[in-house]
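The structure under discussion appears below in the form of structure tokens.
The values are calculated or read from the model by the stated rules, or taken from the named source; none is laboratory data. Keep in mind the model is a prediction, meaning the values are calculated, not measured. Cβ placement follows ideal geometry from the backbone for every residue including glycine, while neighbour counts extend to all protein chains displayed. Remember, those area values only see protein heavy atoms, side chains included, never the ligands or the DNA or RNA. Shrake-Rupley method; radii C 1.70, N 1.55, O 1.52, S 1.80 Å.
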Amino acid sequence: MSEKIYKVLFLCTGNSARSILAEAILNKIGGGKFRAYSAGSQPKGQVNSNTLQLLERLGYDASRYRSKSWNVFANPTASDFDFIFTVCDDAAGETCPVWPGKPMTAHWGIPDPAAVTGTPTEIATAFSDAYRMLHQRIAAFAALPINALDSLALQNKLREIGRMEGVTAKEKA
């Protein structure tokens, strides 16, 4: 008997940076245990070029990612998600669609690298910091013994992961 593959949706307002990064990370490190997707409440329509550059630099196939609306996944014919995570504060505060099934949800807010202005190096650092924070949280999530936890314990673990502090490059300096 094969193990269950958990479906995970990462949500952000624009679906151009953080949620795309999260989708890429979980699909890479999830070890076949997870299938990640991303979407936005008000998608930009294209993935931020800095997101694509970072993914390419880190060895991801950046051509796989596109900015899309969460409505793609919220219709009754969409398959059920096991987990839904908001990765930006705006999306966490919005009224979300009613999702098919009963997915566990948590907010894992990450500063928006697309909002950073400055030199190309400062912008690239913001994207790298967002990636690092997401990778840390997603690695902790992927390591959870999901089948061994009851619903309440799992929900508490998901919330704890959302409160993990990530170290930014600026804080390292």
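Hey, can you tell me all the residues within segment 50-85 that are open to solvent by less than 70 Å² (accessible area, probe 1.4 Å), in a helix (DSSP H, G or I) and polar (S, T, N, Q)? Scanning segment 50-85 gives Asn50, Thr51.
Under the condition of being open to solvent by less than 70 Å² (accessible area, probe 1.4 Å), within 16 Å of the chain's Cα centre (by Cα) and touching a residue at least 40 places away in the same chain (Cβ under 8 Å), the residues counted in segment 127-162 number 14. For segment 104-114, the tally of residues that are within 12 Å of the chain's Cα centre (by Cα) and modelled with pLDDT of 95 or more stands at 0.
Taking each residue of segment 1-24 that is under 19 Å from His107 (Cβ atoms) and looking for partners that are open to solvent by 10 Å² or more (accessible area, probe 1.4 Å) and among the acidic types (Asp, Glu) with beta-carbon atoms closer than 6 Å, six or more apart or interchain, yields Tyr6/Asp82; Lys7/Asp82; Phe10/Glu23; Thr13/Asp90.
Screening Tyr37 against (1) closer than 20 Å to Ala143 by Cβ; (2) open to solvent by 10 Å² or more (accessible area, probe 1.4 Å); (3) not in a loop (DSSP other than H, G, I, E, B) leaves a single unmet condition, (1).
Residues in segment 44-66 that are more than 18 Å from Thr117 (Cα to Cα) and in contact (Cβ under 8 Å) with a residue 60 or more places away in the chain: 1 in all. Which members of segment 115-152 meet the condition of being modelled with pLDDT under 95 and either acidic (Asp, Glu) or in a helix (DSSP H, G or I) (or both)? Those that are modelled with pLDDT under 95 and either acidic (Asp, Glu) or in a helix (DSSP H, G or I) (or both): Ala115, Ile146, Asn147, Ala148, Asp150, Ser151, Leu152. Within segment 1-32, the set of residues being open to solvent by less than 40 Å² (accessible area, probe 1.4 Å) and part of a loop (DSSP other than H, G, I, E, B) comprises Thr13, Gly14, Asn15, Ser16, Ala17, Gly30.
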